[in-house]
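The values are calculated or read from the model by the stated rules, or taken from the named source; none is laboratory data. All figures in this text were calculated on a predicted structure; none of them were measured in a lab. Cβ coordinates were reconstructed from backbone atoms using ideal geometry, including for glycine residues, and neighbour counts include every protein chain displayed. Each accessible area value is taken on the protein alone, full model and side chains, heavy atoms only, with ligands, DNA and RNA left out. Shrake-Rupley method; radii C 1.70, N 1.55, O 1.52, S 1.80 Å.
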Amino acid sequence: MRWADLLVLPAAPCWLAAFPFAVLFHHLCASRRLSLTARYVFLLAGGCLLAGSAMGSYAVLLLVPASGSVLVLLSVSPARAHIWVFALQMSWQTLCHLGLSSQELDPQDTRPAITLSAIMLLTQKATSLALDIHEGVVPLQLGMGLLQRALPLCSYLLFFPALLGGPLCSFSRFQAQAESSGPLPHALRAAGQRCLWALALQGLRAGLAGGLASKQGCTGMGCLPHIWARALLLRLAYYWHWVLDEALLEVAGFRPEAGQGDLSIGDLWTLETTHRLAVFTRTWNKSTSRWLRRLVFQRCPTQPLLATFAFSAWWHGLRPGQVFGFLCWAVMVEADYRIHPFLSARATSQGVKLLYRGTTWVFTQLIVAYILVAVETESFSMLCLLWASYNSILPLSYSLVLLLLAKKTKQN
């Protein structure tokens, strides 16, 4: 099973079928025809139906940890909720990754990939909610009945607009948007704009894919443009996915806060024009980046950057390409933090500044391409071929410069 299989999710008929239900939900909420309890039930039932239609029998793999996390949150003290939910979710997710990857599955069957994607998103929501409870941001209503306490939690973990994708939404914002919904025409207009944007991205992606298909291969240094084009194709697939995910959330009335989504036009411009790998990293998949920062980076006493990328490799599945790619990414970001202050201090004239920015933009593009292709590599043998190719020259050079600058800083 390839990680790139997850990029086919927006094309799944069951995913597209969620749009009419999202419109219906928004209309009923805007017209005040649903009580708050009925809204939670609608969102939860829609999530269960979507899971069943998209995953088939694999939906059990999603419902088990969702139910387990709710039981933990309702039975364990707030001080220990985060530890238990984190252990439950990551243990179950790792077992699912290892179990499904070890089986001989039909390459045309997208249900396992859809299930793994949904479990990963569930881990984000469950651990985020557990942290909110641990920090006192979300108090549990102890005076209410068990069903009244469990229903909002279950609905949040499994609500259908964010079951298969979408930026991470906090439980507090989910509650606020479930209680009140804005006008439907505005949501439809915003979602329509996102769909047009997704159509443009898909057209660009199809054109690039056609151009790559006409190429007969590459040798030596000529592989650098080829791997850059492959990585651009992958990035366009991710952009397309994120835009459609947010369109579905818009239609359902769960619009992310300004700057809290995964991709805006400003984010797209930043990702494709920045000459800083660290800026690219912070902007790429922003809601997941914020979640990793809160879950790992801010809580790790030593080497938080390395720990964050190592955990990201674990969360993605621990395939050889993912482990190598994310650890390489950590080293490259650390090198970026040291190289750019060193270079920018010596770029005094306008011409030198342009040369510095242009050269480092090319380097950033090629390093991002190398990392993305490494993460998508399916086997250890293919990863060895990538490592032995000319594409490794730039990451190795960055690693060497990092060692030299770190040694110089230590001596000073």
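At a glance:
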quantity: Evaluation of S287 against (1) under 30 Å from L24 (Cα atoms); (2) open to solvent by 30 Å² or more (accessible area, probe 1.4 Å); (3) of a type in the set (S, T, N, Q) (one fails), failing number; calculated: (2)
quantity: Members of segment 137-174 that are among the polar types (S, T, N, Q), in a helix (DSSP H, G or I) and open to solvent by less than 60 Å² (accessible area, probe 1.4 Å); calculated: S155, S172
quantity: Residue that is in contact (Cβ under 8 Å) with a residue 40 or more places away in the chain, of a type outside the set (S, T, Y), touching an Asp or Glu at 6+ places or on another chain (Cβ under 9 Å) and assigned by the TED database to the domain that holds G253, where the choices are A162, A190, A113; calculated: A190
quantity: Which numbered condition Y356 fails, given (1) open to solvent by 10 Å² or more (accessible area, probe 1.4 Å); (2) closer than 18 Å to L234 by Cα; (3) touching a Leu at 6+ places or on another chain (Cβ under 7 Å); calculated: (2)
quantity: Search result, residues across segment 72-91 that are closer than 16 Å to L129 by Cβ, open to solvent by 30 Å² or more (accessible area, probe 1.4 Å) and under 24 Å from the mean Cα position of the chain (by Cα); calculated: I83, W84, F86, A87, L88
quantity: When residues of segment 93-131 are limited to those that are of a type in the set (S, T, N, Q), out of contact with any Phe, Trp or Tyr (no Cβ under 8 Å at 6 or more places or on another chain) and over 14 Å from W315 (Cβ atoms), the one surrounded by the most Cβ atoms within 10 Å (Cβ to Cβ); calculated: T110
quantity: Residues satisfying the stated conditions in segment 385-412, i.e. charged (D, E, K, R) and crowded, with 16+ Cβ neighbours inside 10 Å; calculated: none
quantity: The lone exception for M382 - which of (1) modelled with pLDDT of 90 or more; (2) closer than 18 Å to R230 by Cα; (3) open to solvent by 20 Å² or more (accessible area, probe 1.4 Å) it fails; calculated: (1)
quantity: Filter result for S53 (among the hydroxyl-bearing types (S, T, Y), surrounded by fewer than 22 Cβ atoms within 10 Å (Cβ to Cβ) and under 24 Å from the mean Cα position of the chain (by Cα)); calculated: yes
quantity: Qualifying residue in segment 338-361 (condition: touching a helix residue (DSSP H, G or I) at 6+ places or on another chain (Cβ under 6 Å), under 16 Å from I227 (Cα atoms) and among the aromatic types (F, W, Y)); calculated: no
quantity: Subset tally (residues that are part of a helix (DSSP H, G or I), aliphatic (A, V, I, L, M) and crowded, with 17+ Cβ neighbours inside 10 Å) for segment 259-272; calculated: 2
quantity: Count of segment 223-258 residues which are touching a residue at least 12 places away in the same chain (Cβ under 8 Å) and in a loop (DSSP other than H, G, I, E, B); calculated: 5
quantity: Residues satisfying the stated conditions in segment 24-36, i.e. open to solvent by 60 Å² or more (accessible area, probe 1.4 Å) and in contact with a helix residue (DSSP H, G or I) (Cβ under 7 Å, 6 or more places away or on another chain); calculated: H27, L36
quantity: Selection from segment 76-85 of residues that are in contact with a helix residue (DSSP H, G or I) (Cβ under 9 Å, 6 or more places away or on another chain) and of a type in the set (G, A, S); calculated: A79, A81
quantity: Residue among A335, A345, A369 that is open to solvent by 60 Å² or more (accessible area, probe 1.4 Å) and over 26 Å from G99 (Cα atoms); calculated: A345
quantity: Scan of segment 175-193 for residues that are in a helix (DSSP H, G or I) and either surrounded by 21 or more Cβ atoms within 10 Å (Cβ to Cβ) or among the hydroxyl-bearing types (S, T, Y) (or both), ordered by number; calculated: A178, A187, A191
quantity: Unmet requirement for H275, which otherwise passes all of (1) more than 17 Å from the chain's Cα centre (by Cα); (2) part of a helix (DSSP H, G or I); (3) not small (G, A, S); calculated: (2)
quantity: Residue within segment 40-49 that is more than 30 Å from R299 (Cα to Cα), modelled with pLDDT of 90 or more, of a type outside the set (A, V, I, L, M) and surrounded by fewer than 20 Cβ atoms within 10 Å (Cβ to Cβ) present; calculated: yes
